[in-house]
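Values in this text are rule-based calculations from the coordinates and carry no lab data. Quantities reported herein were computed from a predicted structural model and do not represent experimental measurements. Note: ideal-geometry Cβ built from the backbone for every residue, glycine included; neighbour counts use all protein chains shown.
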Amino acid sequence: MLERANTFKKHLMEQPWGLWWLQARRLIRIEVRRNLFSWKASWIYFLAFIPTLIILIHLLFESHPAFALSDDTNVLAGIVQFYYIRLGVFFGCLGIFSRLIRGEMIERSLHLYLLSPVRREILLLAKFAAGSISALVLFGSAIIADFALMYAAFGAAGQDCVFNGPGLGQLEAYLAIIILACLGYGAVFLLLSMMFRNPTPAAMLVLGWEAINPVLPSLLQKISVASYLRHLMPVTIPGDGIFALLTVQTDPVSGWAATLGLLLLIAVVLAYSCLQIRRLEIRYTTD
């Protein structure tokens with residue numbers, strides 16, 4: 001057993017980690033620029049910042065008495081819980097991550113990467129990192145802007161809530177939720193973009209799976225991104241009407257357990273994606 005462990009350790013030490021890291025960094029820079037500074041990403045900017053525009057209008061044209069602070073806190077929680085997690089981040093990541101593999105196959109440019117002296121696993125993980133950074137920049141900035149505008153309207157009362165109350169803690173929780181949502185949905189859509197010529201129908205099935213997740217057995221509920229994110233919400237808003245269908249009901253778990261569970265799910269999806277990209281073949285006559 002000790003000999004096998006030493007052999008494995010020696011094998012790891014012999015790998016060109018420095019070269020892989022250099023290749024990954026260069027790939028990430030290229031992909032981030034393409035994701036954030038392309039006209040094709042304009043609709044993702046819209047998805048990220050449309051709540052910000054609505055909150056800004058609310059700030060400019062409505063009064064904000066101090067007693068309404070708790071109501072606006074619930075509104076912000078509802079925006080994160082029902083819009084960003086269920087719709088905004090979902091479709092934003094679909095647009096970003098499905099383009100990383102399938103989009104380049106459609107543009108007939110992916111073969112340039114596959115013919116270069118870069119391991120396919122490094123290519124895949126670099127693209128995942130670039131897509132994650134792009135999604136986090138957009139949706140993370142939107143969450144910060146939403147939060148700032150929501151509490152700026154209340155003046156001194158809002159400032160006191162942020163710096164002397166639960167405000168900053170709630171912002172940290174929302175940012176953690178957005179980070180995990182981008183990583184989770186990104187890993188799923190990156191895999192789907194390799195498995196299907198058109199990943200959109202498969203993504204709609206994922207959306208349906210997330211919607212029916214509350215009625216599934218407890219074990220199946222764990223195969224869902226939103227079910228983990230619910231446990232991290234600092235302010236939980238019960239679903240009403242159609243939004244009740246989007247409220248995941250699972251047994252209570254700690255925030256650390258939910259985070260580790262989702263990270264494990266992401267790792268499993270990425271590991272399977274690395275296996276898939278090894279077998280990926282491009283046939284431009286059919287793709």
Worksheet item: Which FRET efficiency value, to the nearest 0.05, do you get for residue 163 and residue 87 by plugging their Cβ-Cβ distance into 1/(1 + (r/R0)^6) with R0 = 35 Å?
Response: 0.65
Item to complete: Relative to the longest principal axis of the C-alpha atoms of the chain, give the angle of the C-alpha long axis of helix 42-61, reported between 0 and 90° and rounded to the nearest 10°.
Response: 10 degrees
Fill in: the chain: angle of helix 69-78 to the longest principal axis, Cα-based, in degrees nearest 10
30 degrees
Fill in: In Hz, Karplus ³J(HN,Hα) per residue of the range 155-166 (6.51, -1.76, 1.60; θ = phi - 60°; x = Gly, Pro)
x, 5, 5, x, 5, 5, 5, 6, 8, 10, x, x
Discussion item. Just to be sure I understand: with springs between alpha-carbon atoms less than 10 Å apart, which residue in 140, 155, 255 has the highest mean-square fluctuation in the Gaussian network model of the chain?
Written reply: 155
Item to complete: Per residue of the range 126-136, in order, report the coupling 6.51 cos²θ - 1.76 cosθ + 1.60 (Karplus, θ = phi - 60°) as ³J(HN,Hα) in whole Hz, putting x for Gly and Pro.
Response: 5, 5, 5, 4, 5, x, 5, 4, 4, 5, 5
Response to the item:
In nanometres, the difference between 0.36 nm per residue of separation and the alpha-carbon distance of residue 74 and residue 276 is 68.5 nm
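Semi-axes of the equivalent ellipsoid of the range 170-217: what are they in whole Å, largest first, if each equals the square root of 5 times a C-alpha gyration tensor eigenvalue?
23, 17, 7
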Worksheet item: Where does each of 177-188, 141-152 land if you order them by average Cβ count within 10 Å, highest first?
Response: 177-188, 141-152
Practice prompt. With label points built 7 Å along Cα→Cβ from the Cα atoms of residue 264 and residue 17, find their separation and express it in nm.
Written response: 2.6 nm
Worksheet item: FRET efficiency for residue 40 and residue 283, Cβ-Cβ distance as r, R0 = 22 Å, nearest 0.05?
Response: 0.35
Worksheet, complete the sentence: the range 43-278, Kirkwood Rh and Cα Rg, ratio Rg/Rh at 1.01
